[in-house]
1. Cβ-Cβ distance below 6 Å, separation of 6 or more or different chains: which pairs start in segment 124-151 with a residue that is among the charged types (D, E, K, R) and end on one that is in a loop (DSSP other than H, G, I, E, B) and away from the ligand (no atom under 12 Å from the Cβ)?
2. Take the residues in segment 395-408 that are outside any loop (DSSP other than H, G, I, E, B) and of a type in the set (A, V, I, L, M, F, W, C); name whichever of them is farthest from the ligand (Cβ to nearest atom).
3. Being surrounded by 13 or more Cβ atoms within 10 Å (Cβ to Cβ) and closer than 18 Å to W200 by Cα narrows it down to one residue among V230, V242; which is it?
4. Conditions first: (1) surrounded by fewer than 21 Cβ atoms within 10 Å (Cβ to Cβ); (2) under 20 Å from D184 (Cα atoms). A225 passes all but one, so which condition is the exception?
5. Checking the condition free of Cβ contacts under 8 Å to residues at least 40 places away in the same chain and either of a type in the set (G, A, S) or crowded, with 20+ Cβ neighbours inside 10 Å (or both), which residue from P328, P296, P355, P345 passes?
6. Could you tell me which of the residues A156, A73, A171 is more than 16 Å from the ligand (Cβ to nearest atom) and free of Cβ contacts under 8 Å to residues at least 60 places away in the same chain?
7. Looking for something of a type in the set (G, A, S), away from the ligand (no atom under 16 Å from the Cβ) and crowded, with 21+ Cβ neighbours inside 10 Å - is there at least one such residue anywhere in segment 132-151?
8. Return yes or no: is L246 closer than 30 Å to R165 by Cβ and either part of a strand (DSSP E or B) or not charged (D, E, K, R) (or both)?
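The values are calculated or read from the model by the stated rules, or taken from the named source; none is laboratory data. Fair warning: this is a prediction, and the values are worked out from it, not measured in the lab. When we count neighbours, we look across all protein chains shown, and the Cβ atoms used for this are built from the backbone with ideal geometry, even at glycine.
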Amino acid sequence: MRGRSWDRVGCDVVQQQLAADVLTALGRSEGTAFLSRLDLRLPDLRAALESVYGEKMDVTGLCERAVRCALAAAAERPEELQLLDRRREVDPEWFQRLPVQGYVCYTERFCGRLADLPERVDYLAELGITYLHLMPLLQPRLGENDGGYAVTDYRAVDPRLGTMRDLEEVATALRTRDMSLCIDVVLNHTAREHQWAQGWLAGDPAYSDFYTAFPDRTMPDAYDATTPSVFPDRAPGSFTWVDAALDGAGGWVWTTFWPYQWDLNYANPDVLLAMLGEVLWLANRGIEIFRMDAVPFLWKRLGTNGMNQPEAHSIMQALNALVRLAAPATIFKAEAIVSPEDLVPYLGGHDRYRPECELAYHNQLMVMLWSSLATKDAELARRALGRMDPIPPGTSWVTYVRCHDDIGWAVSDTDAASLGWNGYTHRRFLNDFYSGRYDGSFARGALFQPNDINGDARISGTTAALCGIEDAFDTGDTAGLERGVRRLVLLYSVMYAFGGVPLLYMGDELALRNDRTYLADPALWADNRWMHRPWMDWPAAERRLDPATLEGRVFGWLQRLGSARRGVPALRGGADTALLDVGDSRVLAWRRRHPRTGSFVGLANFAEDEAGADLGALGGLGRDDAILCSDGALAVYDTWLRLPPLSFAWLAEP
Ligand code: GLC
């Protein structure tokens with residue numbers, strides 16, 4: 001093996017012995033593939049580990065342990081998945097392809113148990129779905145569990161949903177239809193009942209330093225002084241007193257989220273290796289996309305807001321390199337709901353590209369869509385989106401209108417000030433508007449976690465409720481219902497064509513309204529995010545093909561958006577999105593160009609009256625290039641393309 005480049009990178013960790021072990025464990029063909037990947041990714045891995053642990057240890061041994069962990073997983077990788085690895089290595093940007101379109105749902109709320117899911121795959125196929133994100137399904141603690149984000153065992157499925165075998169069967173059933181399965185990995189914390197947490201409490205040396213506890217309030221107060229509370233109403237601060245901590249003396253355990261979610265201590269490299277083992281094990285069950293939950297919080301630093309620290313990025317880079325070694329078909333999606341400047345780095349966009357997550361939620365687009373709808377104007381969106389850094393070419397956004405969480409108003413003071421607005425006042429307006437307290441608001445959302453101290457709040461509610469559909473439906477307001485549907489379609493028309501993988505949130509395709517059944521469940525009632533996590537309404541779904549019904553109209557539009565999108569190569573990932581100024585601030589306009597295709601221009605009029613787009617600003621595209629519009633053929637007046645109230649238009653060169 002002498003002379004291979006991975007011998008020459010200067011990392012003495014990769015010894016001849018390791019190379020020989022790789023070939024013995026995996027055979028010549030797989031072994032050579034593994035070593036070639038190692039060759040590519042070792043510098044990233046080593047640099048990442050060095051930056052997190054280099055000060056306290058020589059990372060050579062750690063690097064070798066980590067690579068051996070990946071080797072063990074590679075040796076157990078089922079043949080079917082090795083074939084998928086082959087395909088994905090030939091086509092590493094598979095997730096940027098046009099057919100990739102996602103759907104997000106809770107298993108039980110969508111279909112019952114995992115075993116019932118395969119029979120619902122046809123429904124997903126009708127919407128063009130090729131990527132299914134099943135919300136948390138690993139074994140959670142009993143009682144309150146933050147919607148499954150408090151895991152007690154990463155290798156078991158919540159028994160109410162089925163077994164790990166069922167999950168593997170779902171993954172296989174999807175794969176045979178060219179669909180990929182995505183699940184959550186809760187990296188930042190475990191449930192306090194998890195074996196690691198219990199071992200740590202009991203003083204088991206295998207788990208020492210897996211979590212963090214302080215004997216008194218000195219350090220917790222110092223950290224809390226600069227770290228915002230995630231759930232200020234019922235879980236203020238980031239620490240919870242635990243009597244049994246610190247050998248029974250009691251201590252303040254780090255709990256960024258709810259008191260039963262204990263933060264893992266990634267300063268201990270054994271934690272990283274333990275989590276790596278869980279992720280690799282799940283990858284071998286057929287999971288192709290991991291939604292990496294709450295990644296900004298992985299590293300704590302005194303005097304900061306406790307988010308987006310360089311080490312959190314390094315940890316993700318190390319995990320990415322290691323998981324790619326053993327399961328190269330797998331990709332990561334970062335759940336980092338942070339400000340625009342902090343978002344792009346989760347896609348590896350640092351001063352130099354460092355592979356980190358292949359996908360990340362385009363939180364900024366989502367917030368701007370809702371802000372534009374409330375103000376009936378798109379200027380803030382144009383500025384905020386226009387000044388975001390481009391993302392690395394091998395990565396993509398996932399775009400979305402709603403998800404299972406509340407909407408936090410990531411409107412930066414800088415962007416607001418550029419319009420002469422006050423950021424705080426605008427965020428407050430959005431809360432008032434979407435909670436329905438603003439005079440003339442069409443929305444029926446609710447405030448989530450209002451913070452009496454600083455006046456902050458976020459918003460809960462389904463898309464249909466926030467778009468005015470619920471209110472109009474209940475009051476029998478036909479014109480209001482029409483506007484509500486137009487709003488929903490408008491938001492989805494931007495989201496499907498802005499660039500990236502679109503994620504449809506279950507129920508939006510049928511305009512499902514807020515669900516109030518959670519109020520009767522003692523484990524859920526205190527968390528109003530459950531109002532926008534509805535149960536699937538299959539009788540309503542029966543009406544989806546009837547265009548005379550609300551469900552039929554919305555479902556039909558989402559089908560049309562999906563199929564038109566699949567025909568526009570410029571909407572493929574890996575191309576840039578440029579914001580356009582079309583001379584009317586009410587219109588959001590953007591252009592996409594892929595190196596191998598013509599241009600695409602999207603137009604969305606957020607106003608409830610007619611607006612226009614200057615034809616001279618559309619890069620040569622015009623009325624005749626329309627491929628999909630909310631209101632049929634476009635009209636032109638003078639040099640202006642006329643855009644009816646709450647309308648959209650997609651223009652594309654062949
Ligand atoms: C993520 C989830 C959210 C959960 C939190 C803690 O932000 O999306 O639902 O409460 O992580 O796990």
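1. R141/E193; E144/A523
2. Ranking the qualifying residues of segment 395-408, first place goes to W397.
3. Details: V230 fails: closer than 18 Å to W200 by Cα.
From the options V230, V242, the qualifying one is V242.
4. Unmet condition: (2).
5. P345 is the lone residue from the list that is free of Cβ contacts under 8 Å to residues at least 40 places away in the same chain and either of a type in the set (G, A, S) or crowded, with 20+ Cβ neighbours inside 10 Å (or both).
6. Details: A73 fails: free of Cβ contacts under 8 Å to residues at least 60 places away in the same chain; A171 fails: free of Cβ contacts under 8 Å to residues at least 60 places away in the same chain.
Result: A156 is the single residue among A156, A73, A171 that is more than 16 Å from the ligand (Cβ to nearest atom) and free of Cβ contacts under 8 Å to residues at least 60 places away in the same chain.
7. Residues of segment 132-151 that are of a type in the set (G, A, S), as a first pass: 143, 147-148, 150.
Those left that are additionally away from the ligand (no atom under 16 Å from the Cβ): none.
Checked against the condition, which is being of a type in the set (G, A, S), away from the ligand (no atom under 16 Å from the Cβ) and crowded, with 21+ Cβ neighbours inside 10 Å, segment 132-151 yields no hits at all.
8. no
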